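**Student:** To start, I am sharing the structure in question, which I have written as structure tokens.
The values are calculated or read from the model by the stated rules, or taken from the named source; none is laboratory data. Quantities reported herein were computed from a predicted structural model and do not represent experimental measurements. Neighbour counts run over all protein chains shown; Cβ positions are idealised from the backbone, glycine included.
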Amino acid sequence: MGYTYLPIGSSTRLQHTRAIFARAADVGIATIRRIEAQPGQFMGYVSTVLRIQPAFEKAGIKFTEEDETSGIGVRIDRPSAFSP
């Protein structure tokens with residue numbers, strides 16, 4: 001297992017960000033944690049995806065479709081902040 005360096009206090013900031021995102025997506029923080037901990041492709045309720053994807057899009061994350069030049073993915077469309 002690899003380790004990622006996180007600056008002091010970043011864990012608290014990450015928890016705060018999760019809480020803001022969970023509120024914006026109208027899902028529980030436990031749901032966000034479960035999704036983050038899940039290896040590979042997301043498996044979950046369609047209703048959860050229907051809440052999370054628009055929250056990401058509002059924050060400037062654009063979901064891209066597979067085409068002849070690239071695969072499915074995401075990109076940051078514009079910097080934005082969640083509004084709880």
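**Student:** Please enumerate the residues belonging to region 8-28 that are modelled with pLDDT under 70, β-branched (Val, Ile, Thr) and in a helix (DSSP H, G or I).
**Tutor:** Passing the criteria: only 12.
**Student:** Is there a residue in region 26-36 that is of a type outside the set (A, V, I, L, M, F, W, C) and over 22 Å from residue 16 (Cβ atoms)?
**Tutor:** For region 26-36, residues of a type outside the set (A, V, I, L, M, F, W, C) and over 22 Å from residue 16 (Cβ atoms): absent.
**Student:** Criterion first (of a type outside the set (A, V, I, L, M) and at pLDDT 90 or above) does residue 31 satisfy it?
**Tutor:** Yes: the conditions hold for residue 31.
**Student:** Related question: Tell me which residues, restricted to region 25-42, are out of contact with any helix residue (DSSP H, G or I) (no Cβ under 9 Å at 6 or more places or on another chain) and surrounded by 15 or more Cβ atoms within 10 Å (Cβ to Cβ).
**Tutor:** none
**Student:** Mind listing just one residue for me: the one in region 45-76 that is touching a helix residue (DSSP H, G or I) at 6+ places or on another chain (Cβ under 8 Å) and exposed (fewer than 13 other Cβ atoms within 10 Å of the Cβ) and, of those, modelled with the lowest pLDDT?
**Tutor:** The selected residue is 74.
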